[in-house]
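So the structure is just underneath, and the comments pick up after that.
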Amino acid sequence: MKKSLCVLAILLVTFHLGNSQSSLVTKKGTDKKWWKEAIVYQIYPRSFKDSDGDGVGDLKGIISQLDYIKSLGVNAVWLNPIYSSPNDDNGYDVSDYRNIMKDFGTMEDFDLLLKGLHQRGIKLVMDFVLNHSSDEHEWFKQSKSSRTSPYRNYYHWWDAERVKPNYRYSLFDVNHDAWKYDSSSNAFYLHYFSKKQPDLNWENPTLRKEIYSMMKFWAEKGIDGYRLDAFQFAAKDTSFPAFPKGFEKNFVQYYAMGPHIHDYLKEMNQEVFSKYDVMTVAEGAGNNFQDAHDLVDADRKELNMAYAFDAIDLAKMEGYDFIKFKESFTKWDSVFAKKGWLSIFLASHDQARIVNRFGNASPEFRELSSKMLSTFLLTMRGTPYIYNGDELAMTNAGFQKISDYRDMSTLNEYQYQLNHGGDINQFMKRIQFECRDNSRTPFQWDASNNAGFSTGNSWIQVNPNYQMINRAEQEKDQQSVLNYFRKITALRHKNPALIYGKYSILDRSNPAIFAYTRELDDKKFLVLLNFSNKVAKSNINLDVSKAKILLANYPIPSKNGSLAPYESIVYQLK
Ligand code: GLC
């Protein structure tokens, strides 16, 4: 049976590790920057807080929770797309880049939101969907209207009377075919994602100019950062050559980092980023460390950060290889130790919930394992990204019926499976674990109707466990996951060694424990994390008897190097 599209969505950004490029490491990487010190909180606006009872989260809803966001100790917010969109892919199909989606509010709401964040010392990173637009964008409407339209070259067209174009894989298409025939001008257009997300033609300098001007429009409004959605796929060989047999679906190797990608990024940097104090991060980091370095090497003047998916993609329904997980983070750290900067994350709106994937969502271990995972994310070198709801240890909804799912890529894949005789039971099991709708259910504010998210019918069902897992409940409890999260963000802010300090892994082959030190100047920290549901013993050769425990997730931390299930301890050694 084919993998679900949720998996394919992840594959889109997965990359296979190439050779270590440690020879690239030439310069000290501790130059201080605000974005290195940021703790980024990702808000999925559709599901965060609804202010007007239409069942869809909105900007006013976020504004109403600014003090909560501040209380988390985060100092940057990444908002998923909020631009006008027909919502085929929940805003990742933009029909007007300079306006706000009706469901979310108005430009006045946006201005207030930005002001409110800034008043609280929180930066705003916006999501820029530049590989494709919506088919309802004016550019596409014009483009498809005739072969001679001035907008024709804003997209990739292939006239139907020519020999059929070489196959291109589409991640979200119901047939996985990226060429869609359009009768208005008797031609095919390219869409790597859904048919309502036609790919923009970055070879066209007029399009690039329009995009830079739009990006500046937002910078002039005062935003502080850009997340570039799926941008590694923007550059294409427009002769569309055949890919080697068997590799037509190898989405990263053959579709990412095409010709001129670095030219476009350099141009974007010169035209936009260099003019403002903004942070920039790309989704996806290419095919190997060299690609990743090339994207974020400050001397090349492209981006600040990229995020790679090899560790995050290890999580499967059947479990994941913990040694590989540790090795992946360790390898990335070593390659970026002196030059470049990493993003640290284990969850987003494109993956199911972190506690289901990397922790343990059972009543016994949900809270402990979530605290342990937050400790991990906030004590690694690199800028941490925390997905909303994870600070409460929200869990997968695991919907049983296909009619409860909303994600277009999942629904299209379901259809594909039906059309191609796939094993639907197996498919349903898979999506219950890994579908991205699992992390898109409404934020659980309190035990009232709809978890306090909305007074109307929410666009996607609330996870039925909201009466037990919600913010209000956790505010009352000093030992809650939420209050632990606040402690760990405070610890990171207080200790530059946890941000910039050297990372060294210990007890590398331990099958249950992730142990490492972080060191800067005269400060040294030891982090011990048990990723398993059993007592585990570490073998670290460090005397912790006199060390100070700064934070632990059990009331009485274990001693002598043994750790209780999902236990985490942060020691200060000096
Ligand atoms: C990125 C987004 C994802 C979206 C896709 C197409 O992977 O994170 O949510 O569906 O791009 O824009």
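The values are calculated or read from the model by the stated rules, or taken from the named source; none is laboratory data. Keep in mind that this is a model prediction, so the values were computed, not measured. A quick note on method: Cβ atoms are made from the backbone with ideal geometry, for glycine too, and the neighbour counts reach across all protein chains shown. All accessible areas refer to the heavy atoms of the entire protein, side chains included, with ligands and DNA or RNA removed. Shrake-Rupley method; radii C 1.70, N 1.55, O 1.52, S 1.80 Å.
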Problem set entry | 5 angstrom amide H check on residue 573, placed H, neighbours 5+ away | 524, 525, 526
For this session: Please work out how much accessible surface residue 163 shows to a 1.4 Å probe, ignoring ligands, DNA and RNA, in Å² rounded to 10.
Result: 120 Å²
Seminar exercise, completed: Taking the alpha-carbon centre of each part, the distance from the range 288-339 to the range 104-181 in Å is 27 Å
Problem set entry | Where the range 502-572 is the region considered: accessible area per residue in Å², 1.4 Å probe | 49 Å²
Exercise. To the nearest 10 degrees, how steep is helix 107-119 against the longest Cα principal axis of the chain, on a 0 to 90 scale?
Worked result: 30 degrees
For this session: Could you do me a favour and compute the accessible area per residue for the range 57-168, 1.4 Å probe, result in Å²?
Result: 38 Å²
For this session: May I have the convex hull volume per residue, in Å³, for the Cα set of the range 338-454?
Result: 141 Å³
Problem set entry | Cα extents of the range 138-190 along the three principal axes, largest first (Å) | 29, 24, 16
For this session: Give me the accessible area of residue 33, 1.4 Å probe, in Å² rounded to the nearest 10.
Result: 90 Å²
Seminar exercise, completed: Any GluC sites (Glu not before Pro) in the range 349-434 that lie in a DSSP loop and have at most 12 other Cβ atoms within 10 Å would be 364
Exercise. Just the C-alpha atoms of the range 502-572: what Rg/Rh do they give, with Rh taken as the Kirkwood radius?
Worked result: 0.94
Exercise. Using 0.36 nm per residue, how much length does the chain from residue 34 to residue 300 gain when fully extended, once their Cα-Cα distance is taken away?
Worked result: 93.8 nm
Problem set entry | For the chain, projected area of the alpha-carbon convex hull averaged over all directions, nm² | 25.1 nm²
Exercise. Counting other Cβ atoms within 10 Å of each Cβ, which chymotrypsin sites (Phe, Trp or Tyr not before Pro) in the range 212-269 have at most 16 and sit in a DSSP loop?
Worked result: 247
Exercise. Each residue of the range 297-302 in order: what ³J(HN,Hα) in whole Hz does its phi give by Karplus 6.51 cos²θ - 1.76 cosθ + 1.60, θ = phi - 60°, with x for Gly and Pro?
Worked result: 5, 4, 5, 7, 6, 10
Exercise. How much of the accessible area of the chain, probe 1.4 Å, is carbon plus sulfur, in whole percent?
Worked result: 49 percent
Exercise. Peptides 548-555, 526-533: what's the order by average Cβ count within 10 Å, highest mean first?
Worked result: 526-533, 548-555
Problem set entry | Accessible area, probe 1.4 Å, largest first, for residues 36, 487 | 487, 36
Exercise. Does anyone have the angle between helix 424-434 and the longest principal axis of the chain? Alpha-carbon axes, 0 to 90°, nearest 10?
Worked result: 60 degrees
Problem set entry | Antiparallel bridges, percent of DSSP beta bridges restricted to the chain (to nearest 5) | 60 percent
